[in-house]
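Chemist: Before we start, here is the structure in question, set down as structure tokens.
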Amino acid sequence: MTLSEESAQAPSVVVEDLPDSVEVATEEGRRMAAQLHDKQPHAKRLLEVRNLTTQFFTREGVVHAVDEVSFDLDYGETLGLVGESGCGKSVTALSLVRLVPSPPGRIVSGQIIFDGVDILKLSNAEMRLMRGKKIGFIFQDPMTSLNPTLPIGFQISESAKLHLNLSRRAADDRAVELLSKVGIPRARDRMKDYPHQFSGGMRQRVMIAIALACDPMLLLADEPTTALDVTIQAQILDLIRSLSEEFGTAVILITHDLGIAAGMCHRVNVMYAGRIAETGLVDDVFEHARHPYSWGLMDSLPRLTDARSARLRTIEGLPPDLLDPGPECRFSPRCHYVTDRCRTAEPELSSREGEGHLARCFGTEPGGWIA
Amino acid sequence: MWFKRVMGAMVALTVVLAACTADTGTSQEPSGSSTPSVAPAEQVLRVDIGGEPPTLDPTAATDSASIQVLRSLTYPLAYFDEDLNIVPGLAESWDVSEDGQTITFHLKSDLKYSNGDPIVAGDFVYSWKRLIDPRTAAGYSYVMADVVGGSELLGADPEVDDIDAMLDAFGVSAPDDSTFVVSLAHAASYFVYIATLWVTVPLQESWTSTEGFTEAENYVSSGPMKLTTWEHNAQIVLEANENWSAGPAPTLERIEMAMIADPAASLGAYETDDLDIGSVPSQDVARVQEDPELSQEVLQGTVLSIYYFGFDLKDPNGPFAQSLNLRKAFTEAIDRETMITVAFGGIGTVAYSLVPPGMPGYQDTKFWEYNLEQAQADFAAGLSELGITAADLHLQIGFNADSNHENKVEFMQGQWSTAFGVTVEPVSLEWGAYLSRLSEDPFDIFRLGWGADYPHPNNFLTDLISCSSGNNNGGYCNEEVDALLAEAAVKATLDEQVPLYNQAQEQVMADAPIITIRNGARFTLIKPWVQNLVPTSQDSSTGELFYSWITIAPHEM
Amino acid sequence: MGAYLIRRVLWIIPVLFVVSIITFSLMHAVPGGPWSKEKKLPPSVIEHLDQKYNLDEPVFIQYLNWVGPLQFDEGALQRDEADNLVFGGLLAGDLGPSYKYLDRSVNDIVADGIWVTVQLGLMSFILSVIVGIPLGVIAALRHNGIPDYAATFVSIIGIATPTFVASILLLVVFSIALGWFQPNSLDWRTDPSSWVLPVIALSLFPIAQIARYTRASMLEVTRRDYVRTAHSKGVKEGSVVVVHMIRNALIPVVTILGPLLAFLITGSFITEFIFSVPGIGRYYVTSIGQRDYGVIMAMTMLYAAAIAIMNLVVDVLYAYIDPRIRYS
């Protein structure tokens, strides 16, 4: 990996002077993480999420969209959030920046410590300063996520002007730089263009430029490639990966595509029905998955070795209704290995083989009935 | 339709209005101890003429707004006194020849227009010829019909006939600057009334041929006031004409004429002291009568007008054309006393005859009083005459849709229904369409009104109901009546004429060609500081004949 | 864009042509005429009038006369040898004589009042926009809050109250009862207070209409992804509304502004009537009752042109607000 000029010029003093103290000043922490990225990926915690519970208060009742979710993210690390639609991935990400649509949504309880700051205790104004500046967000649909009535140059430079106190000219220069960086040719000429003048892939590049406009420490990418052609998908993912590495940005990548998660992430959280079903390093989860849902997800991936006539495998049944989840294991209705125990109580996350490898399944616990 | 709704809204708002005005009324009241500073009042009269006058060309004017202005801007040969007797106008005197066919007017001396030019007899010759000239196409040209050559000119076609030659033969002449001679084709005793009309005033040819001559900057006035401002659609201002010497000098310095289209807004302007004379829409009559302050300012009086329903006599097979008894029945069945109270808000009086009270030739006789039994008997007689039953009668009553006639028509329907068990179908049409329908194929019963052009029975009998009258929409024609009218027309004096007109009217009423309903009444508000206002029954706007001699008493504003 | 504009402007001509033919035929097909009066004029007088005003010709000849014999040098109200009126016709910019206002040409009447009417319409339009849009925005931002209910209430009142009721109410309360404004102003040119009540009366309905549309549109835009994007950038709440939401929310609103402006300029009849505004709006209706053919045609043509131009302006504005729309 090559550091960008900017990064390369960062004084190395910072690294050498790195104090032992746990509190890391944000700017320094980011730089440090950038430099330590390859060698020691899990040096410091950027984000700690504890018992995050987000609910939607609808006329029909309370929807438990995110239920007691806890996970950590280190500086520079890429975390995958995988699972079916409606499992709570997106709501989790929106909760992190407090953009859960409200009403009806509300973060009911939990704690989000981001770079040493308790996100949920910030005032709205303080929270606003975090968004865009320290946490960038890429949304799923580039066709609708850009404002159709504003030139893209403005949309990129807007947060730079706001958060970095840049003059209009400087912010424009920055936008041009970002546009070139995300691979838009003739960047300066295209500043005045409107979103409808770009293709889907190009628009997602613009979105990435917007998200990275202020060098955030964390990039939330919510299904960034779902709406794109397969050939474009790879380009966009490469771009996210290379830029996050270049800037040392931590990434939470939300996807239902296990292949993408496997290729991009250090660690993955498999989410099911608002909860984490399994978490661990990518290799552990993919090679030694310890939750029947994870197996199901992986089984449903088509393989080259499959006979042409073979039907696509699916997980039978539908995710449970999150309106009023019962006490049972939420996957139990769809699980091949289900026992009576699964139907009476929900298992906790418990350790499995591998660093930080946890799974929520009685059957794969030591002494469980699933081999 | 919308107009009715505005009125409806107005009625609904009357409560608000009454409450609010009561408040402001007391707040404006000076407290007993303070002495209001009363300056000598400006002699300015502020009136509403209800909209932009269609024309200030005296020859062309036919409508009340234009006439209201022209009455002060022009002066005819003869005028009226306060009791509508004929008095000299620009003419000092006039002689009628023995055969009644030549009238010689002698002009007062030193008469001037507002521009300082002398008024000469030749200006009358020009003006009268201009009026009858078919190329002018003046609406009132027909008043010249009695003059020698007049009826020929009325019937002339400018594309065929030699109009200039016909005008040369027209019976008006000016032997000298102060003598104007009119030759009539036949004796017409009422003709001097024609000489009181705004269409017969003197006009300078040099003026009327000016481009835009009716605009304020060009206007040449022969009347007590002159035109100083005509802001179209906004206001007209008249000022005293210092060159005018045909009568007592005007006492007003100025008359400001507003053009307020909405009657409710007009009344509002009166209530806020922006107008000195206020007209009252029928919806507001009751409120004004109950208002302690406004009720003191009400001026009531008679107006020479009539509201009537005509029968269709044009269609010889129509039931009313065939049966006098039916016409009688339908007339007798209407309780007009109650109708005035119920449908006219109590304003006005029952018209029991055609010639209205206040006009020479009025007869205080109740032709066709309300009599239900008689009506039913006549109805039965009428039916048996026709050999039909009540169920065979399919009658329509027509009226124009735009001016509050529904309640009158409903009242009459109710009365007929009660008396005869007959349902008369109401049909309403837009005004223009209604008038055009009346001339072609009138409804069995149709509503209309008539107002006096000049206070003479001729205007109510000959012009309305004679066989040849264009205004005789029902088509009533009685040779006897026409003969009486023709005989009256040649009598020299009113005293000789009146018995003949009375005879004619009695015959008309006996024939019952129309149901006379109501004589118009004035219901006007006059500010207490307006003095020497002279209302006459000829006015379409109260006091318009004598505006110039009103005085304004000192008052607080 | 230029070519598009020229094409659109050129299209107005056939539209006006068709409107004029239809109006002319209908107008003459209606019974009655300009000389119909309760006191009838004798038939011979009516004949003379018809001759003078060329109403004795077949209707299509009258129409051709009205369109104009291309006599560009003829002024208004000229007379020929038989002293009949001759006028240049529409193509010469001459709208002919008025059949009711006998001293004046239609050109005079229109020239006198049109700017008053346009001014009244534009002032009401501006008031409607500057009140209606913020009202709708506030209502949407405080969705289901008290400001929303208040704004919705105002809208419903505004939409449900016909202009004449509002006009009379304003007149009765503020002019007559409270005496704040003159019920009949005579100084429309110099006294700005003259305009207050008529402008308000005329604006109530459009304010309500605009507020309603803006509110609905803003609510719709609030849920849009790009608004979430703006929030995710940390843009201030106010800037999100002003920069990101209003412009998008206005796109559907603009589509009703054209008809609304046309409504304001053509629909001022009642307001002009009640407040004695010296505009031409009142002729729009009165000329029909009076069968004032010249004025009817002039009003119809003016209003048809106004509506056509207004729609064009809106389309151009539309392209300006929404960059996705480009005309060619």
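The values are calculated or read from the model by the stated rules, or taken from the named source; none is laboratory data. Just so it is clear, the structure is predicted and the values come from calculations on it, not from any experiment. With ideal geometry, Cβ positions are generated from the backbone for all residues, glycine too; neighbour counts draw on all protein chains shown. When the accessible area is computed, the model is the full protein with side chains, heavy atoms only, and any ligands, DNA or RNA have been set aside. Shrake-Rupley method; radii C 1.70, N 1.55, O 1.52, S 1.80 Å.
Chemist: Regarding chain C, what are the three Cα extents along the principal axes, ordered largest first, in Å?
Modeler: 82, 56, 35
Chemist: Something else: Given Cα pairs under 8 Å that are at least 6 residues apart, what percent is the relative contact order of region C:106-321?
Modeler: Values: 273 pairs, mean separation 63.0, N = 216.
Worked out over region C:106-321, it gives 29 percent.
Chemist: Applying the Karplus parametrisation 6.51 cos²θ - 1.76 cosθ + 1.60 with θ = phi - 60° to the phi angles of region B:401-408, what ³J(HN,Hα) value in whole Hz is obtained for each residue in order, glycine and proline being reported as x?
Modeler: Whole-Hz 3J(HN,Hα) from phi for region B:401-408: 7, 9, 9, 6, 9, 4, 5, 5.
Chemist: Heavy-atom accessible area of B:Thr349 with all protein chains present, probe 1.4 Å, nearest 10 Å²?
Modeler: 70
Chemist: Something else about it: Just to be sure I understand: if you take the accessible area of chain B alone plus chain C alone and subtract the pair, with a 1.4 Å probe, what total do you get in Å², rounded to 100?
Modeler: Working: alone 22990 and 17720 Å², together 35560 Å².
Interface between B and C: roughly 5200 Å².
Chemist: Under the 0.36 nm per residue contour assumption, what length would be gained going from the current alpha-carbon distance of A:Arg188 and A:Thr231 to full extension?
Modeler: Numbers: separation 43, 0.36 × 43 = 15.48 nm, distance 2.59 nm.
Stretched fully, the A:Arg188-A:Thr231 segment lengthens by 12.9 nm.
Chemist: In percent, what relative contact order does region B:303-520 have, based on Cα pairs under 8 Å that are 6 or more apart in sequence?
Modeler: On the way: 389 pairs, mean separation 77.6, N = 218.
The value is 36 percent.
Chemist: Quick check: with the 1.4 Å probe, what order do B:Asp364, B:Asp161 take by accessible area, largest first?
Modeler: Values: B:Asp364 130, B:Asp161 60 Å².
Highest to lowest solvent-accessible surface, that is B:Asp364, B:Asp161.
Chemist: Go through region A:153-174 and flag every residue whose accessible area shrinks by 30 Å² or more with all protein chains in place compared to the isolated chain (probe 1.4 Å).
Modeler: Hits at the 30 Å² cut-off: A:Glu158, A:Leu162.
Chemist: Which residues, if any, in region B:398-440 have at least 10 Å² less accessible area in the whole protein complex than in the isolated chain, probe 1.4 Å?
Modeler: B:Glu430, B:Trp431, B:Gly432, B:Ala433, B:Leu435, B:Ser436, B:Ser439
Chemist: Then there's this: Students sometimes get this wrong: rank A:Met217, A:Met298 by accessible area, probe 1.4 Å, all chains present, largest first.
Modeler: Numbers: A:Met217 10, A:Met298 30 Å².
Correct descending sequence by accessible area is A:Met298, A:Met217.
Chemist: Let me ask something else about it. Contour minus end-to-end for B:Glu205 and B:Asn218, with contour as 0.36 nm per residue of separation and end-to-end as the Cα-Cα distance?
Modeler: Values: separation 13, 0.36 × 13 = 4.68 nm, distance 1.30 nm.
Additional length available on full extension: 3.4 nm.
Chemist: Which helices count as membrane-span-like in chain C under these terms: full DSSP H, at least 18 Å along the axis by C-alpha, Kyte-Doolittle mean of -0.5 or more?
Modeler: The qualifying helices are C:2-29, C:106-141, C:146-160, C:193-222, C:247-266, C:293-321.
Chemist: What is the set of long-range amide H partners of B:Thr349 at a cut-off below 5 Å, with H atoms built 1.01 Å from backbone N?
Modeler: Close amide H contacts, sequence-distant or interchain: B:Asn519.
Chemist: Mind giving me the FRET efficiency for C:Phe153 and A:Glu287? R0 is 51 Å, r the Cβ-Cβ distance, nearest 0.05 is fine. Kindly include the intermediate steps, with their values, before the conclusion.
Modeler: Values: r = 64 Å, r/R0 = 1.26.
The value I calculate is 0.20.
Chemist: I've got another one for you. What is the distance in Å between the Cα centroid of region A:215-258 and that of region B:516-557?
Modeler: 91
Chemist: Related question: Which whole-Hz couplings ³J(HN,Hα) result when phi for each residue of region B:434-445 is put into the Karplus expression 6.51 cos²θ - 1.76 cosθ + 1.60, θ = phi - 60°, listed in order with x for Gly and Pro?
Modeler: 5, 4, 5, 5, 4, 6, 8, 8, x, 5, 3, 10
Chemist: Still on this structure, I have one more. Please report how far the C-alpha centroid of region C:141-171 lies from that of region A:71-144, rounded to the nearest whole angstrom.
Modeler: 41
Chemist: Output wanted: per-residue J couplings in Hz (rounded whole) for region B:87-102, from phi through Karplus 6.51 cos²θ - 1.76 cosθ + 1.60, θ = phi - 60°, x for Gly and Pro.
Modeler: Using θ = phi - 60°, the values come out as 10, x, x, 6, 7, 6, 7, 8, 10, 10, 5, 4, 6, x, 9, 10 Hz.
Chemist: When only the heavy atoms of the protein chains count and the probe is 1.4 Å, how do A:His196, B:His456 rank by accessible area, highest first? Can you show the working numbers first?
Modeler: Numbers: A:His196 70, B:His456 0 Å².
Ranked list, largest accessible area first: A:His196, B:His456.
Chemist: Classify region B:488-537 as rounded, prolate or oblate from the Cα gyration tensor: take a ≥ b ≥ c as the square roots of its eigenvalues, call it rounded if a/c is under 1.5, otherwise prolate when a/b beats b/c and oblate if not.
Modeler: Working: a/c = 6.42, a/b = 1.74, b/c = 3.69.
Note, shape of region B:488-537 comes out oblate.
Chemist: For A:141-150, what's the mean count of beta carbons from other chains sitting within 10 Å of each residue's beta carbon?
Modeler: Mean partner shielding for this stretch: 6.
Chemist: Quick one: which of B:Lys129/B:Lys226; A:Lys89/A:Lys192; B:Lys491/B:Lys527 span more than 32 angstrom between C-alpha atoms? Could the numbers behind the result be given before it?
Modeler: Values: B:Lys129/B:Lys226 24 Å; A:Lys89/A:Lys192 35 Å; B:Lys491/B:Lys527 43 Å.
Result: A:Lys89/A:Lys192; B:Lys491/B:Lys527 exceed 32 Å.
Chemist: Can you compute the modelled spin-label distance between A:Ser167 and B:Val427, with each label point 7 Å from Cα toward Cβ, in nm?
Modeler: 8.5
Chemist: With r as the distance between the Cβ atoms of B:Ser439 and B:Ala169 and R0 = 45 Å, compute the FRET efficiency 1/(1 + (r/R0)^6) and round to 0.05. Can you show the working numbers first?
Modeler: Details: r = 31 Å, r/R0 = 0.70.
Rounded to the nearest 0.05, the efficiency is 0.90.
Chemist: Then there's this: For B:Ala380 and B:Asp402, what is the calculated FRET efficiency with R₀ set at 22 Å and r taken between the beta-carbons, to the nearest 0.05?
Modeler: Details: r = 37 Å, r/R0 = 1.70.
For B:Ala380 and B:Asp402, the calculated efficiency is 0.05.
Chemist: Round to the nearest 10 and report in Å² the accessible area of B:Ser384, as given by a 1.4 Å probe over the protein chains' heavy atoms.
Modeler: Taking all protein chains as shown, B:Ser384 has close to 90 Å².
Chemist: Please give the per residue accessible area of region B:109-255, computed with a probe of 1.4 Å over protein heavy atoms only, in Å². Numbers along the way, then the final one.
Modeler: Working: 5070 Å² over 147 residues.
Ligands and nucleic acids excluded, the figure is 34 Å² per residue.
Chemist: Might you work out the accessible area of C:Arg142 for me, using a 1.4 Å probe with all protein chains in place, and round it to the nearest 10 Å²?
Modeler: The value for C:Arg142 is about 130 Å².
Chemist: Where the centre of each part is set by its Cα atoms, how far does region B:77-151 sit from region B:214-241, in angstrom?
Modeler: 22
Chemist: Still on this structure, I have one more. What do you get for trypsin sites (Lys or Arg not before Pro) in region C:200-244 restricted to DSSP loop and a cutoff of at most 10 other Cβ within 10 Å of the site's Cβ?
Modeler: Working: sites: C:Arg212, C:Arg215, C:Arg223, C:Arg224, C:Arg228, C:Lys233, C:Lys236; in loops: C:Arg223, C:Arg224, C:Lys233, C:Lys236.
Qualifying residues, ordered by number: C:Arg223.
Chemist: Can you pull the semi-axes for the protein assembly as shown, root of five times each eigenvalue of the Cα gyration tensor, sorted largest first, whole Å? Show your work: numbers first, answer last.
Modeler: Values: eigenvalues 1634, 226, 167 Å².
Values for the protein assembly as shown, descending: 90, 34, 29 Å.
Chemist: Can I ask one more? Run the reach check for B:Lys408 against lysines, Cα to Cα strictly under 30 Å, same-chain hits fewer than 8 apart removed. What comes back?
Modeler: List returned: B:Lys4, B:Lys314, B:Lys328, B:Lys366, C:Lys37, C:Lys39, C:Lys40, C:Lys100.
Chemist: For region B:303-520, restrict the atom set to alpha-carbon positions and state the Rg and Dmax in Å.
Modeler: Taking only Cα atoms of region B:303-520, I get Rg and Dmax of 16.7, 52 Å.
Chemist: Taking the Cα centre of the protein assembly as shown as origin, sum charge times position over the Cβ atoms of Lys and Arg (+1) and Asp and Glu (-1), and report the length of that vector in debye to the nearest 20. Walk me through the numbers on the way to the answer.
Modeler: Working: 87 positive and 154 negative charges, 1559 e Å.
Its charge dipole is roughly 7500 debye.
Chemist: Return the long-range amide H neighbours of A:Ala277 (sequence gap of 5 or more, or a different chain), with a cut-off of under 5 Å between placed amide H atoms.
Modeler: Hits under the 5 Å cutoff: A:Val270, A:Met271, A:Tyr272.
Chemist: At a 1.4 Å probe, what is the % contribution of carbon and sulfur to the accessible area of the protein assembly as shown? Each step should come with its number before you reach the end.
Modeler: Working: 28130 of 51440 Å².
Roughly 55 percent, rounded to a whole number.
Chemist: Assuming a ≥ b ≥ c are the square roots of the Cα gyration tensor eigenvalues, decide whether region C:233-296 counts as rounded (a/c under 1.5), prolate (otherwise, with a/b larger than b/c) or oblate. The partial results should precede the final answer.
Modeler: On the way: a/c = 7.15, a/b = 3.48, b/c = 2.06.
Prolate shape, in that a/c is at least 1.5 and a/b is the bigger ratio.
Chemist: Separate question: Can you list the residues of region C:17-39 with backbone N under 20 Å from a point 7 Å past the Cα of C:Glu57, pointing along Cα to Cβ?
Modeler: What the label zone holds, given the 20 Å backbone N cut-off, is C:17-30, C:33-35.
Chemist: With springs only between Cα atoms under 10 Å, which of C:Pro278, C:Pro134, C:Pro43 fluctuates most in a Gaussian network model of chain C?
Modeler: C:Pro43
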